[in-house]
Amino acid sequence: GVSFDGTGYGTDATIWGGEILKCSPSGFTRIGSIRPFLQTGGDIASREGWRIAVSMLIGIFREDAEKVIGELGLIKTGKYKTYKAMYDGKLNSVVSTSAGRLFDSVSAILGIRFENTFEGEASTALMYEAMKCTNHICACDYELAGEYIETDRIVKDIVQRRLAGEDTGYLAYRFHKLLAEAAAEYVSANAGRVRTAALSGGCYQNTLLLDMTKKALERRGFNVLIHSMIPPNDGGISIGQAFYGMNIIKNGGI
């Protein structure tokens with residue numbers, strides 16, 4: 001299963017939301033994720049994607065981060081040192097693999113939405129911007145999947161192209177495409193004999209990401225399961241819990 005969602009409490013006490021899971025009716029094993037990043041800013045960061053972007057870019061660009069963040073217009077002049085101190089001291093910060101927050105950060109990097117006034121606003125705007133793209137040629141000259149789904153490389157690529165003046169719609173499309181291909185490549189490399197993959201989580205309400213990931217997996221020989229009657233976001237959680245509970249009872253538990 002590819003589970004791309006907002007934020008949830010993981011079994012390792014970090015924030016999950018961009019996971020690759022090998023599942024059965026009796027449980028799951030986490031076999032991978034997007035590359036973890038430090039999510040600085042606490043609960044407000046889930047509403048203000050520019051905070052996530054700043055935090056991610058400090059981790060990616062290191063000593064060049066202040067210059068890059070300034071050129072992107074993500075924070076006001078003179079505020080960088082405050083965020084850098086929070087990042088370095090891990091103040092009001094958590095380790096995260098949230099795909100939802102990744103989308104929010106890219107939306108801010110591209111200047112589409114810097115914050116959410118309602119749930120999913122920034123990532124939805126990013127999807128619609130990507131759908132404007134008429135240039136669908138999207139090649140990649142680096143590895144998309146290694147120890148993790150290499151989302152830091154994808155973000156770095158998008159930032160560099162943004163600063164070079166490339167079209168916003170194309171970059172939004174490119175982000176979706178690279179993320180979908182990276183997820184499919186990671187699944188393919190780690191699935192073993194399993195040939196069925198399920199796509200779930202709130203990020204798969206994004207029809208562009210859904211279509212791209214489904215096609216990328218099918219090209220790699222997978223049968224792909226997607227949602228139809230049951231929603232992929234929080235609305236589908238209870239039915240999964242009920243299924244899991246029924247299986248435990250059926251097998252003599254509780």
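Residues in the stretch 185-203 that are outside any helix (DSSP H, G or I), hydrophobic (A, V, I, L, M, F, W, C) and either at positive phi or open to solvent by 20 Å² or more (accessible area, probe 1.4 Å) (or both): VAL194, ALA198.
Only one entry of ILE230, ILE237 meets the criterion of being closer than 20 Å to SER98 by Cβ, open to solvent by 50 Å² or more (accessible area, probe 1.4 Å) and either touching a Gly at 6+ places or on another chain (Cβ under 7 Å) or part of a helix (DSSP H, G or I) (or both), and that entry is ILE237.
Scan the stretch 103-128 for residues that are in a helix (DSSP H, G or I), in contact with a Leu (Cβ under 8 Å, 6 or more places away or on another chain) and aliphatic (A, V, I, L, M) and jot them down. Of everything in the stretch 103-128, those that are in a helix (DSSP H, G or I), in contact with a Leu (Cβ under 8 Å, 6 or more places away or on another chain) and aliphatic (A, V, I, L, M) turn out to be VAL106, ALA108, ILE109, LEU126, MET127.
Here's the yes/no breakdown for (1) surrounded by 16 or more Cβ atoms within 10 Å (Cβ to Cβ); (2) in a strand (DSSP E or B); (3) within 13 Å of the chain's Cα centre (by Cα):
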site: THR7; (1), (2), (3): yes, yes, yes
site: THR11; (1), (2), (3): no, no, no
site: GLY17; (1), (2), (3): yes, yes, yes
site: ILE20; (1), (2), (3): yes, yes, yes
site: TRP50; (1), (2), (3): yes, no, no
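A search for C-beta distances below 7 Å between a residue of the stretch 16-43 that is free of Cβ contacts under 8 Å to residues at least 12 places away in the same chain and any residue that is surrounded by fewer than 17 Cβ atoms within 10 Å (Cβ to Cβ), counting only pairs 6+ apart in sequence or on different chains, returns THR29/LYS22. Among the criteria (1) over 15 Å from the mean Cα position of the chain (by Cα); (2) in contact (Cβ under 8 Å) with a residue 24 or more places away in the chain; (3) open to solvent by less than 10 Å² (accessible area, probe 1.4 Å), the one SER93 does not fulfil is (3). Of the residues ILE137, ILE158, the single one that is hydrophobic (A, V, I, L, M, F, W, C) and surrounded by fewer than 13 Cβ atoms within 10 Å (Cβ to Cβ) is ILE137.
Go through the stretch 78-93 and give me each residue that's within 16 Å of GLY42 (Cβ to Cβ) and in a loop (DSSP other than H, G, I, E, B).
LYS90, LEU91, ASN92
Evaluate the following for ALA108: is it open to solvent by less than 30 Å² (accessible area, probe 1.4 Å), among the small types (Gly, Ala, Ser) and out of contact with any Ser or Thr (no Cβ under 8 Å at 6 or more places or on another chain)? Yes.
Checking each residue in the stretch 182-203 for being of a type outside the set (A, V, I, L, M), more than 22 Å from ALA53 (Cβ to Cβ) and in contact (Cβ under 8 Å) with a residue 12 or more places away in the chain picks out GLU185, TYR186, SER188, ASN190, ARG195, THR196, SER200.
Selection of the stretch 161-184 for residues being assigned to a helix (DSSP H, G or I), open to solvent by 20 Å² or more (accessible area, probe 1.4 Å) and either of a type in the set (A, V, I, L, M) or closer than 23 Å to ALA216 by Cα (or both) yields LEU163, TYR170, TYR173, LYS177, GLU181. The number of residues in the stretch 204-227 that are assigned to a helix (DSSP H, G or I) and not charged (D, E, K, R) comes to 10.
The values are calculated or read from the model by the stated rules, or taken from the named source; none is laboratory data. Just so we're clear, the structure is a prediction, and the values are computed from it rather than from any experiment. When we count neighbours, we look across all protein chains shown, and the Cβ atoms used for this are built from the backbone with ideal geometry, even at glycine. To get the accessible areas, we keep the full protein, side chains included, count just its heavy atoms, and leave off ligands, DNA and RNA. Shrake-Rupley method; radii C 1.70, N 1.55, O 1.52, S 1.80 Å.
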